[in-house]
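Q: Sharing a structure with you now.
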Amino acid sequence: MPPSDKKSRIRLEDLEHKPISEEDYRQKLKEQELKLLGLQRRLAESKINVVVVFEGPDAAGKGGAIKRLVERLDPRLVRVYSIVKPTAEEYQHHYMWRFWNKLPSYGQIAVFDRSWYGRILVERVEGFATEPEWKRAYREINDFERALADDRSLLIKFYLHIDKEEQLSRFNRRQADPYKHWKITDEDWRNRRNWDQHCAAAEEMFERTSTEYAPWYVIPANYKWNARLKVVKTVAERVEKALGK
């Protein structure tokens, strides 16, 4: 799905999930990864940096999409951050504090597996942030991203969405697989109990934080191959446009 339009609210339950054949997936993914690698070389010589954000429900495939996004890139010029519960030190600062020192240098790429949007997603729903805190976060986040965009940061924000039945299927497969059991936690099951609240928070997030300089790309992700390809293709297209001819 293209960047969300603030005039018409995105409804996650209305997303259309489409499969792709394995042959098409592998061929097109290879083409887009090679294209992005070439663009990375040009990016390294520019005054632009790239910030890629991933959000979405548990088991939506964020990790798999990130792996395909960065696996062919020069690892010296890209960093991936998995954002988890704040440390004791981070709790003593404004919630945005821990993200500033993770922003990439000019010419480099930073990928966030979850991000500052936790304030208006899980922290809002689970009660980790007060109502005044998460309500003012919309303005804080838009101002933060505006400052980055004004300094020629390219912000690319993805929300990968799966439906509730697909999530349950993936949870059960993880539970049964000893090599993937570490991926499923009690917190995942607890978050699932508030599915409707999480979806409502995400839909409001699209409406209030999708901007011209930092739009949201909402990707139906029941079919992992299609979601992964869309992610890599979108990043390649955005970077190519930012660098110009």
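The values are calculated or read from the model by the stated rules, or taken from the named source; none is laboratory data. The structure displayed is predicted, hence computed values, not measured ones. When we count neighbours, we look across all protein chains shown, and the Cβ atoms used for this are built from the backbone with ideal geometry, even at glycine.
Q: Assuming VAL218 fulfils every condition listed in (1) at pLDDT 95 or above; (2) of a type outside the set (Ser, Thr, Tyr); (3) over 21 Å from PRO19 (Cβ atoms) apart from one, which condition is it?
A: (3)
Q: Being among the polar types (S, T, N, Q), farther than 24 Å from LEU69 by Cβ, in contact (Cβ under 8 Å) with a residue 40 or more places away in the chain and surrounded by 14 or more Cβ atoms within 10 Å (Cβ to Cβ) is the requirement here; does ASN222 meet it?
A: Spelling it out, it is not the case that ASN222 is among the polar types (S, T, N, Q), farther than 24 Å from LEU69 by Cβ, in contact (Cβ under 8 Å) with a residue 40 or more places away in the chain and surrounded by 14 or more Cβ atoms within 10 Å (Cβ to Cβ).
Q: Any idea which of (1) out of contact with any Phe, Trp or Tyr (no Cβ under 6 Å at 6 or more places or on another chain); (2) touching a residue at least 24 places away in the same chain (Cβ under 8 Å) is the one ALA149 doesn't satisfy?
A: Every condition holds for ALA149 apart from (1).
Q: Ok, one more. What residue, among those in region 225-245 that are in contact (Cβ under 8 Å) with a residue 60 or more places away in the chain and among the small types (Gly, Ala, Ser), is surrounded by the fewest Cβ atoms within 10 Å (Cβ to Cβ)?
A: In this case the residue turns out to be ALA242.
Q: Pairs please, first residue from region 49-62 and at positive phi, second anywhere and among the small types (Gly, Ala, Ser) and surrounded by 24 or more Cβ atoms within 10 Å (Cβ to Cβ), Cβ atoms under 9 Å, 6+ apart in sequence or on different chains.
A: From residues that are at positive phi, the pairs are GLY56/ALA221; GLY61/ALA221; GLY61/ALA227.
Q: Quickly run through region 195-225 and pick out the residues that are of a type in the set (Lys, Arg) and over 16 Å from GLU140 (Cα atoms).
A: LYS224
Q: Can you work out which of the residues in region 120-139 that are surrounded by 17 or more Cβ atoms within 10 Å (Cβ to Cβ) and either among the charged types (D, E, K, R) or in contact (Cβ under 8 Å) with a residue 60 or more places away in the chain (or both) is farthest from ASN49 (Cα to Cα)?
A: Among residues in region 120-139 that are surrounded by 17 or more Cβ atoms within 10 Å (Cβ to Cβ) and either among the charged types (D, E, K, R) or in contact (Cβ under 8 Å) with a residue 60 or more places away in the chain (or both), the one farthest from ASN49 (Cα to Cα) is VAL125.
Q: So, in region 202-221, of the ones that are over 17 Å from ASP14 (Cβ atoms) and assigned to a helix (DSSP H, G or I), which residue ends up nearest to the chain's Cα centre (by Cα)?
A: THR209
Q: If you go through region 176-194 one residue at a time, do you hit one that is closer than 20 Å to TYR223 by Cα, loosely packed, with under 14 Cβ neighbours inside 10 Å and basic (Lys, Arg)?
A: Yes, region 176-194 has at least one match.
Q: Kindly indicate the residue of region 88-144 that is β-branched (Val, Ile, Thr) and in contact with a strand residue (DSSP E or B) (Cβ under 9 Å, 6 or more places away or on another chain) and also farthest from ALA236 (Cα to Cα) among those meeting that condition.
A: It comes out as VAL111.
Q: Within region 53-167, considering only helices (runs of 4 or more DSSP H) that don't extend past its boundaries, which have at least 1 residues that are at pLDDT 95 or above and touching a Lys or Arg at 6+ places or on another chain (Cβ under 9 Å)?
A: Here the list reads 62-70, 122-125, 131-150.
Q: While we're on this one: Given the conditions (1) under 21 Å from VAL50 (Cβ atoms); (2) surrounded by 15 or more Cβ atoms within 10 Å (Cβ to Cβ), report the number of the one that TYR213 does not fulfil.
A: (2)
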